[in-house]
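Step one of this worksheet: look at the structure below.
Derivation of every value follows stated rules applied to the coordinates shown; laboratory data play no part. It should be emphasised that the depicted structure is a prediction, and the values quoted were computed from it without experimental measurement. All Cβ positions, glycine included, derive from the backbone under ideal geometry; neighbour counts span all protein chains shown.
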Amino acid sequence: MLNQNESWNSIIIIWQELPFKKMRIIILSIMLALVSCTTYSDEEIQEFDEQIEVYLKKKKLSYTRSEDGLYYRIENAGKGRKIQYNDSVLISYKGSLLDGKIVDYQKTPIWFAVKDLISGWKQGLTMVCKEADLRLILPPQLGYGDHELESIPINSILIYELKVFDIH
């Protein structure tokens, strides 16, 4: 395995060998995406799962857990075809932390491209159709990870209530 200096030296060599400006931009974009990815140890993921399980037990709620660690409850699956990765969705939503603090709220429906959403939303939305209602609990690896947002602390477990109005 390469150490960090060797990795950067390899990247610099590859960078210098790229003749075209467009190709350099593409490679830079890929590098930035890879660097910004957050990875968690198995122990950290297990700890997030335990926190979610304690929350669910305390609140006497029943959710299904996906292989990736998304907890979801489909209140209404909607009608028509399932949402796909390349679709845009018209949704309203409310996001909160495990302690109940609301951190994100959009009462008026707004359009989003599914492919541009956080992983947990992508996963949850592609399980349902137009006019669906669903609840998601996202561990940090499926939410914002170690990126701090204005109202969302680093490594937060997030609870979302989503209402899908339309898809395109």
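Counting other C-beta atoms within 10 Å, and keeping those with at most 15, which DSSP coil trypsin sites (Lys or Arg not before Pro) do you find in region 67-165? Hits after loop and neighbour filter: Lys101. Using a/c under 1.5 as the rounded threshold, could you call region 28-168 rounded, prolate or oblate? The axes a ≥ b ≥ c are square roots of the C-alpha gyration tensor eigenvalues, and prolate needs a/b larger than b/c, oblate otherwise. Taking the square roots of the gyration eigenvalues as a ≥ b ≥ c, region 28-168 is oblate.
Among the GluC sites (Glu not before Pro) found in region 124-168, those both in a DSSP coil and sparsely packed, with 16 or fewer other Cβ atoms within 10 Å of their Cβ, are Glu131, Glu148, Glu150.
Take every Cα pair under 8 Å whose residues are at least 6 apart in sequence, average their separation, divide by the length of region 42-167, and the relative contact order is 31 percent. Loop-resident chymotrypsin sites (Phe, Trp or Tyr not before Pro) (DSSP state other than H, G, I, E or B) in region 78-168 with no more than 11 further Cβ atoms inside 10 Å of their Cβ: Tyr85.
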